[in-house]
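Inspection log for the structure reproduced underneath, given as structure tokens.
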Amino acid sequence: MSSGNAVVARNMRLLREQRGMSLAELARQAGLAKQTLSTIEQGVGNPTVDTLFSIADALGVPVTRLVAEREQVMVVQRRDEVVWQRHGGYESRSLDHIYGSGVIENYLLRIAPAAGDGPAEPSAPHPVGTLEHLYVISGRVRVGPVDSAVELGTGDFVRYPGDRPHMYESLDGESVVHVVVSVPRVQPGTGAMRVSRTHGERAL
């Protein structure tokens, strides 16, 4: 199995499962044979460019999502490394951008300092493919996946996978952070549409 075929195989399976699609349903929507898609998912197929575009279109993603390595490492943006762009009477700072659509949730979190018995229990994983984008408004925090958490200060930004156990810990009194949670879309008719709030109690 070539590394390129392995990347396509992993991405295709992940995107298909995120949408609750069977291999047969993906084949129908892509206009391709189920056996063709099966060999691609096993990493032994050698898909043409046209085949990749057909699969990407059926999954509702750019073809680059099929052929590029999925980012596993978090992205950190320190406040003293950013560039502010001037637009007439205001300046803007780009934090991050992602492709696709789904459920987007915005939160402000006030994180209390850890009690004497240690940090709080980590948050449970969200649905597969979820990303969390966190900006520190005030304080110092340790956040991100439990096995690779990062320390941030006021003005820092991080994006990390939210589909793994993750933590929010304040390192210096109460901290305030802004969190945007992006949960991948489930296409109508291909799977369950009920999505629990990631930091709340109501269901969407």
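The values are calculated or read from the model by the stated rules, or taken from the named source; none is laboratory data. None of these values were measured; they are calculated from a predicted model. Every residue, glycine among them, receives a Cβ derived from its backbone with ideal geometry; neighbour counts consider all protein chains shown. Quick note on the areas: whole protein, heavy atoms, side chains included, nothing else; ligands and nucleic acids left out. Shrake-Rupley method; radii C 1.70, N 1.55, O 1.52, S 1.80 Å.
Quick notes on this structure:
- Subset of the range 10-26 [within 15 Å of Leu52 (Cα to Cα) and buried (at least 20 other Cβ atoms within 10 Å of the Cβ)]: Asn11, Met12, Leu15, Arg16, Leu26
- All conditions but one from (1) without any contact (Cβ under 8 Å) to a residue 12 or more places away in the chain; (2) of a type in the set (A, V, I, L, M); (3) open to solvent by less than 10 Å² (accessible area, probe 1.4 Å) apply to Ala33; the one that does not is (3).
- Against the numbered list (1) within 25 Å of Asp163 (Cβ to Cβ); (2) at pLDDT below 85, Trp84 comes up short only at (1).
- Within this structure, Val7 passes the test of being under 22 Å from Val128 (Cα atoms) and either out of contact with any His (no Cβ under 6 Å at 6 or more places or on another chain) or of a type in the set (Lys, Arg) (or both).
- Boolean, Glu91 is under 13 Å from the mean Cα position of the chain (by Cα), outside any loop (DSSP other than H, G, I, E, B) and at pLDDT below 90: no
- Applying the condition of being out of contact with any helix residue (DSSP H, G or I) (no Cβ under 8 Å at 6 or more places or on another chain) and not in a helix (DSSP H, G or I) to the range 37-70 and asking which residue is farthest from Leu15 (Cα to Cα) yields Thr48.
- Meets criteria (modelled with pLDDT under 85, under 28 Å from Val179 (Cβ atoms), more than 25 Å from the chain's Cα centre (by Cα) and loosely packed, with under 11 Cβ neighbours inside 10 Å) for Gln72: no
Yes or no, residue by residue, for (1) hydroxyl-bearing (Ser, Thr, Tyr); (2) out of contact with any Gly (no Cβ under 7 Å at 6 or more places or on another chain); (3) at pLDDT 85 or above:
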site: Arg16; (1), (2), (3): no, yes, yes
site: Leu23; (1), (2), (3): no, yes, yes
site: Gln35; (1), (2), (3): no, yes, yes
site: Ser38; (1), (2), (3): yes, yes, yes
site: Glu41; (1), (2), (3): no, yes, yes
site: Phe53; (1), (2), (3): no, yes, yes
site: Val63; (1), (2), (3): no, yes, no
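- Members of the range 142-175 found to be out of contact with any His (no Cβ under 8 Å at 6 or more places or on another chain) and either closer than 23 Å to Val83 by Cα or free of Cβ contacts under 8 Å to residues at least 12 places away in the same chain (or both), listed by number: Val150, Glu151, Leu152, Gly153, Thr154, Gly155, Asp156
- Pairs are defined by a Cβ separation below 6 Å, a sequence spacing of at least 6 or placement on different chains, a first member in the range 77-89 that is among the hydrophobic types (A, V, I, L, M, F, W, C), and a second member that is surrounded by 10 or more Cβ atoms within 10 Å (Cβ to Cβ); the pairs so defined are Val82/Arg93; Trp84/Glu91; Trp84/Arg93.
- Taking the range 137-153 as the range and being surrounded by 16 or more Cβ atoms within 10 Å (Cβ to Cβ), within 17 Å of Asp96 (Cα to Cα) and either among the polar types (S, T, N, Q) or over 19 Å from the mean Cα position of the chain (by Cα) (or both) as the test, only Leu152 passes.
- In the range 11-36, the qualifying residues are those that are part of a loop (DSSP other than H, G, I, E, B) and not hydrophobic (A, V, I, L, M, F, W, C), and the one that is nearest to the chain's Cα centre (by Cα) is Arg19.
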